[in-house]
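Novice: Dumping the structure here so I can ask a few things about it.
Every number in this text was worked out from the coordinates using simple rules, so none of it is lab data. Note that the structure is a prediction, hence the values are computed from the model and not measured. Neighbour counts run over all protein chains shown; Cβ positions are idealised from the backbone, glycine included.
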Amino acid sequence: MHLIRPTLRLLAHPVQRKHLLAWMASHRSNYCLTTSRPWLPFDLIAYLDALNLSGKRVFEYGSGGSTRYWLRRGMYCVSIEHDRTWYHQVSAYTHTEEQLDYRFIQPEVAQTELFDPADPHLYLSADPLFRGYSFKNYVTQIETFPDDYFDLILIDGRARPACLMHSVNKVALGGQIMLDNADRDYYLAQTEPLLQHVARHTFYGATPAAADFTTTAIFTRLR
């Protein structure tokens, strides 16, 4: 019964209704992980499917079906995960992958009582479960790589404003930063000034296993 309303909305949308069958199939348990599909809007997945990604480098905050997708597409992938249970679950599918650098990085106790998840310098998550914890070590894993190194960076994990702040110098010229759930205003409230030399494109629509349409923004580095 809980799928009736989102199904009707999907059918009523002139652009998104083409994803109905795929969206319905995506409600199987662990669909994205078992089918090697990213948990991103279907239109964005189609966009990625059309790109030549073989031999490219991707860094992702947050692992899962996307991790398997990048590897299936022939990419070298660095993936950062904070959840121990999910890390082991994904590892069961990827532990033999030579093109994967998979890092389990837990949050640490925050050194400040300030709480503003929009401030990228605080490295905080808005999730109440992580109140009092900092994701600085998690976010700064990307600093172990040179500037201009990655062709693609996916931000779909914790402390996303901080992830964005550290990603802008790590993506190559012509490369792309993908910010999932970009409709959450606080992600860009204090990081917008960092995006002076990018072209922005937004994908909005039906997403695997999601009851609501979601938004992902892509920032392509121009110089």
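Novice: Under the Karplus relation 6.51 cos²θ - 1.76 cosθ + 1.60, θ = phi - 60°, what is the ordered set of whole-Hz ³J(HN,Hα) values for the range 111-124, x standing for Gly and Pro?
Specialist: 9, 9, 8, 5, 9, 9, x, 6, 7, x, 7, 9, 6, 9
Novice: Which whole-number percent is the relative contact order of the range 53-121 (Cα, under 8 Å, 6+ apart)?
Specialist: 29 percent
Novice: Net charge near LEU154, counting Lys/Arg +1 and Asp/Glu -1 over other residues with Cβ under 14 Å of its Cβ?
Specialist: +3
Novice: I'd like to compare 206-213, 38-45: which one has the highest average count of other Cβ atoms within 10 Å, and what's the full order after that?
Specialist: Going from most to least packed, we get 38-45, 206-213.
Novice: Per 5 Å bin, what percent of the C-alpha pairs of the range 135-223 does each bin hold, from zero upward?
Specialist: 3, 14, 25, 26, 17, 10, 4, 1
Novice: Counting only C-alpha contacts under 8 Å and six or more residues apart, can you give the relative contact order of the chain as a whole percent?
Specialist: It comes to 21 percent, rounded to a whole number.
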